[in-house]
């Protein structure tokens, strides 16, 4: 069974602006997302790739499903889930990279799909590192990217979570994307 | 950290980003004013920004593309659209083309479907609609709806939509290829209805529901595609008459389009109901409702708007050639092909569809939108009722007509019998015994199909006896019919144990619903034994039998065995089905209710909440099962004195049940009863009585006079009158309840001594001591038989006996039992509870009568204080407590205090 009542309680606290609540929620969400992701990774074929935002929403449905139709709670939840998702994706990519280099796994022929997975992993790791640097310079814009990209939040939801105007989110998103794109291609 | 320079870069980027290249240069020249570093920074960012499709495209759907000359639409494979590359043409039509596409940024190698509108079709008006609609559609997030992922305007100025790629086949082809039976088709179709309902609630009408828009994935999950796309492509004709596209092209497929769509009238959610009906028509009958091939639009309009399609059961025996545009025969639909694809024979299929299924389809496809199902959910719920063997909404008139004479001749009481009878019969034909999961092997499903038909044949025979036309004058009751059936089952179908078990099970449930528990027990037991012998240890039918037997045991008061059976059923269902699953939820709900009845409140709650969560998710808020669990949860809240919470849950459940089941239904009566109970406890006696009467009236009409639920209503009406101080009325109600319970259960049932205790109490209050004594003595004897001596119910009854002894001047005999009762009750209830106050008052009166005044006085005063607090000054219980104090002071020889309390009482 899921830990729903607990999540609901924490969500309520989040709704009241309790800053510790997010910290309480993160491990719960991480665990749920991780098990979901593991299942997806395992069954993943070339046709059915992992869609992180879909996972995040599924995690929400599973953990808080039915408990609350409150979109503000939902936004808060997704914000935390976005952080967790980023961590999971990057961890996974790193692990796969290590596995590849370690050469300790069964020997399959290296087909296109594997190369593509490899490229994705590298890109994700690069994004994570670049996003970290953006966070040092401009935490707000880093958060916008995290929420939009890893959490699948809408502009309005991001604006609510961060307490800024939708316009700020919109322009911040555009700017951050351009900056990340430039920084990442620079390193190539 | 943030620096001024960083902010400046951001601002400048923001300002020049949207400008065209020339203006950008001018603006940058001005702003940078020779600062080459700043300028290089901005330029590189702008470059990165323009270098789309970027990494992030999936979340950013609003970016506009630059203008390019339009290209030939026929050969766009390999072309880039937004962040995607078109890979394969899926379908092409007048309005647009659908491609399989893949993201090019390589981030998630995700296959999507892209619908490209043909550039020639694009009008400014369409672009505007496109933008508005896209937002509404993007919000549709339902597991049976293909998700809209993205959208934009392609390089040739044509809008495109990016959708979840569904690897599936159209629902009709899927059903035929998988040879789904009628029940399996209905279950699949029901999911589609729920998806449509979800969209309707969000004010999105599909407008073009047809088999090719409902794909079924290999795992059997249906996905509804192209929601609301028709609206983007075509405005309402009624809404915007001047729009060329809307008059040139109408967004419907003639085979499934409603009359109002074909006429070009205002489009409402009812058009989707009609189209759903047309889809169901084809799924069940294998034919299309109308033959519209090679007809002109005006001919189509005439046919669809003026003719009613033949009932599905009648077309299954027809042969139809479907011709292509060239007049050549493409396929031939014949009875054998159709029935084989449904795992049956033409005759059996015809019988299966005839009646209720015909009615359901025809109701959805009625000419007048307002006479169709009010919502897709109602449509789904009627299918659900059919599958569960409950009475359906569609075509009720016809059934009433058939039994018209019967009803007319026998007035109110028998029309209730007819209703009960109908639900019994519907229950017998039902699929309760059938395999509930598609993954159970096909041949089993076929065997089930055969069984269901055997069952219905058996019943048709029974009905022949009861047909008003055939046996004029003597109308059998539901009970007669059941007795007849139960008698026959012993000699018939002996070589078909499963069918026999199915019938016994259904009849057992029917007897249970009629309150005839001994016969129900025999039949359900036998059904379970046969099922175990034939089906092996683990089977969904066995779980159902266990669960229903548990319900019966709950009703007969055997909670121990009920719990064991329910847990066994739950474990079996958990082994068979994957969670979340509605049957698991149903078991959890039953178990929660049972644990609550056994006073294991903390254990009960997680089962109830878990069941509710699952049911809300899988069945929706308005489903009868969800309502039932809400009710059970309300009962739990009631027990922990959260009356407002309980009331709210019951009212929700009541509204949902009325909607789903109609006003005349035992569930509705139960909810009214429970609502009355909550209001009674909250002190609103008048409203409580009103609801309780409503409940009792329904029960007597639907269940007949001799039913335990009617006894409950009488008892609760008695309780309301007791609290109002109308003891005579209370006595009458209690006696009626008792008489029913004794008739039904004999004495050996926990409900009987409870009822005796209530009657004894009111007799005490009335001062009818001679009558009260045998009643209370019997109550105590019987209660002690069922429950241990230290059980609060035994103690409470013992307290009443003690009170009687005090009232009849036998205080010395009362002292010991009252003391014992008080000790036990004080352990079970909080100090301010009315039972504690009651027993303290009685003990106080006892001690006062024994002239132990010093011990008596605090007890009497405490009794008065908490009764006053609980019930208010004018409550009969409060006044009774005050009277006891007056007598006490009088006996003690304290005239001043006596007078003082008398004055208090007088006021």
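The values are calculated or read from the model by the stated rules, or taken from the named source; none is laboratory data. All of these numbers come straight from a predicted model, not from anything done at the bench. Counting neighbours? That spans all protein chains shown, and the Cβs are built from the backbone with ideal geometry, glycine included.
Data for the structure
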item: Selection within the stretch B:166-206 - buried (at least 21 other Cβ atoms within 10 Å of the Cβ) and under 15 Å from residue B:218 (Cβ atoms); result: B:171, B:174, B:175, B:180, B:188
item: Test set (1) surrounded by 15 or more Cβ atoms within 10 Å (Cβ to Cβ); (2) in a loop (DSSP other than H, G, I, E, B) - residue B:851 fails condition number; result: (1)
item: Tally of residues being at pLDDT 90 or above and either surrounded by fewer than 17 Cβ atoms within 10 Å (Cβ to Cβ) or not assigned by TED's automatic domain parsing to the domain that holds residue B:859 (or both) across the stretch B:821-835; result: 1
item: Test result for residue B:107, within 14 Å of another protein chain (Cβ to nearest Cβ) and at pLDDT 80 or above; result: no
item: First in the stretch A:163-177 and more than 12 Å from chain B (Cβ to nearest Cβ), second anywhere and surrounded by fewer than 17 Cβ atoms within 10 Å (Cβ to Cβ) and assigned to a helix (DSSP H, G or I), Cβ under 7 Å, 6 or more apart; result: A:166/A:156
item: Given (1) assigned to a helix (DSSP H, G or I); (2) under 15 Å from residue B:280 (Cβ atoms), number of the condition residue B:180 does not satisfy; result: (1)
item: From B:896, B:812, B:869, residue being surrounded by fewer than 18 Cβ atoms within 10 Å (Cβ to Cβ), assigned to a helix (DSSP H, G or I) and free of Cβ contacts under 8 Å to residues at least 24 places away in the same chain; result: B:896
item: Selection count, the stretch B:579-604, where residues are within 21 Å of residue B:654 (Cα to Cα) and surrounded by fewer than 21 Cβ atoms within 10 Å (Cβ to Cβ); result: 1
item: Some residue of the stretch A:101-113 being more than 30 Å from residue B:5 (Cβ to Cβ), surrounded by 17 or more Cβ atoms within 10 Å (Cβ to Cβ) and modelled with pLDDT under 65; result: no
item: Residue ranges of helices (runs of 4 or more DSSP H) in the stretch B:578-664 with at least 2 members over 15 Å from the mean Cα position of the chain (by Cα) and more than 28 Å from residue B:558 (Cα to Cα); result: B:643-661
item: Extreme residue, modelled with the lowest pLDDT, among residues of the stretch A:128-150 that are within 9 Å of another protein chain (Cβ to nearest Cβ) and either within 27 Å of residue B:4 (Cβ to Cβ) or not in a helix (DSSP H, G or I) (or both); result: A:148
item: Given (1) out of contact with any helix residue (DSSP H, G or I) (no Cβ under 8 Å at 6 or more places or on another chain); (2) modelled with pLDDT of 70 or more; (3) surrounded by fewer than 17 Cβ atoms within 10 Å (Cβ to Cβ); (4) within 14 Å of another protein chain (Cβ to nearest Cβ), index of the condition residue B:62 fails; result: (2)
item: Qualifying position, being outside any helix (DSSP H, G or I), modelled with pLDDT under 90 and not assigned by TED's automatic domain parsing to the domain that holds residue B:880, among B:747, B:705; result: B:705
item: Unmet criterion (only one of (1) under 26 Å from the mean Cα position of the chain (by Cα); (2) in contact (Cβ under 8 Å) with a residue 12 or more places away in the chain; (3) more than 16 Å from residue B:756 (Cα to Cα)) for residue B:697; result: (2)
item: Filtered residues of the stretch B:140-163 (kept if out of contact with any strand residue (DSSP E or B) (no Cβ under 6 Å at 6 or more places or on another chain) and closer than 15 Å to residue B:224 by Cβ); result: B:140, B:141, B:142, B:143
item: Subset tally (residues that are part of a helix (DSSP H, G or I), over 16 Å from residue B:597 (Cβ atoms) and free of Cβ contacts under 8 Å to residues at least 24 places away in the same chain) for the stretch B:529-562; result: 2
item: Pairs, first within 14 Å of chain A (Cβ to nearest Cβ) in the stretch B:588-613, second in a loop (DSSP other than H, G, I, E, B), C-beta under 8 Å, six or more apart; result: B:610/A:1; B:612/A:66; B:613/A:65; B:613/A:66; B:613/A:67; B:613/B:580
item: Condition met for residue B:112 (modelled with pLDDT of 60 or more and either more than 13 Å from chain A (Cβ to nearest Cβ) or out of contact with any strand residue (DSSP E or B) (no Cβ under 7 Å at 6 or more places or on another chain) (or both)); result: no
